[in-house]
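What follows draws every value from the coordinates through simple rules; no lab data is involved. Because the structure is a prediction, the values reported are computed rather than measured. Here the Cβ is made from the backbone with ideal geometry for all residues, glycine too, and neighbour counts use every protein chain on show.
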Amino acid sequence: MGIVLCTIGFSGRTAQSFFEALAANEVRTVLDIRLRPSGQLAGFAKQQDLPYFLDRLANGCAYRHLLELAPTDEMLNAYRQSKDWDAYMLSFRALLGERGIPAALDPAQFDHGCLLCSEPTADRCHRGVVASVLEEAWPGLEVRHL
């Protein structure tokens, strides 16, 4: 297939390291999969500011918000209370299935895209789950966690 899909979180990163990582990996589109992309803790990654920064600091990178790849409020609240990653991951995978993901997606639109969330690493973030689901469905997909 030859599609490269990156993932990145903004927490614990400087704006410089964030935008340089996107540029260095030739990301063409940031695919924001946060439930609340304009939250007060988003800093330089707030939805209203990100398209401007991406255009100027990441080689004209585009921005898209894909709410269909975000968990629900209820799911997030349950995870925050239980801290049970395995249960959260299973329920989120089930939710993606209910939403018809990945069949509802066009793999070509993800080439040189980058899934964005807040967590510093993908191993305990829903973007890692999304990347895994897409890897399972799209043979030859290369995932890079930035």
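What are the ³J(HN,Hα) values, in whole Hz, obtained from phi via the Karplus relation 6.51 cos²θ - 1.76 cosθ + 1.60 with θ = phi - 60°, for each residue of the stretch 107-114 in sequence order, with x given for Gly and Pro?
x, 4, 6, 9, 5, 6, x, 9
Using 10 Å bins from zero, what percent of all Cα-Cα pairs in the chain falls into each bin?
Result returned by the calculation: 12, 44, 34, 9, 0.
Hey, got a sec? Which trypsin sites (Lys or Arg not before Pro) in the stretch 51-144 land in a DSSP loop and have at most 10 other Cβ atoms within 10 Å?
LYS83
Under a 5 Å amide H to amide H cut-off, with H placed in plane at 1.01 Å, what residues pair with ARG28 once short-range neighbours are removed?
Excluding prolines and chain starts, which carry no amide H, the hits are GLY113.
Could you work out the relative contact order of the chain, using alpha carbon pairs under 8 angstrom and six or more residues apart, expressed as a whole percent?
46 percent
With a 10 Å Cβ neighbour count serving as the proxy for reagent exposure, in which order, fewest first, do VAL129, VAL27 appear? Could you put the intermediate results ahead of the total?
Working: VAL129 20, VAL27 26.
If I rank by nearby Cβ atoms, fewest first, I get VAL129, VAL27.
Using a simple spin-label model with points 7 Å from Cα along the Cα→Cβ vector, what separation in nm is obtained for SER11 and ALA24?
Label-label distance for SER11 and ALA24, simple model: 2.2 nm.
Using unit Cβ charges (K, R positive; D, E negative) and no other charged atoms, how large, in debye to the nearest 20, is the dipole of the chain about its Cα centre?
With Lys and Arg at +1 and Asp and Glu at -1, about 380 debye.
Pick out, in residue order, every one of the GluC sites (Glu not before Pro) in the stretch 63-146 that is DSSP loop and has at most 13 other C-beta atoms within 10 Å; say none if there are none.
Within the stretch 63-146, no GluC sites (Glu not before Pro) qualify (loop, at most 13 other Cβ atoms within 10 Å).
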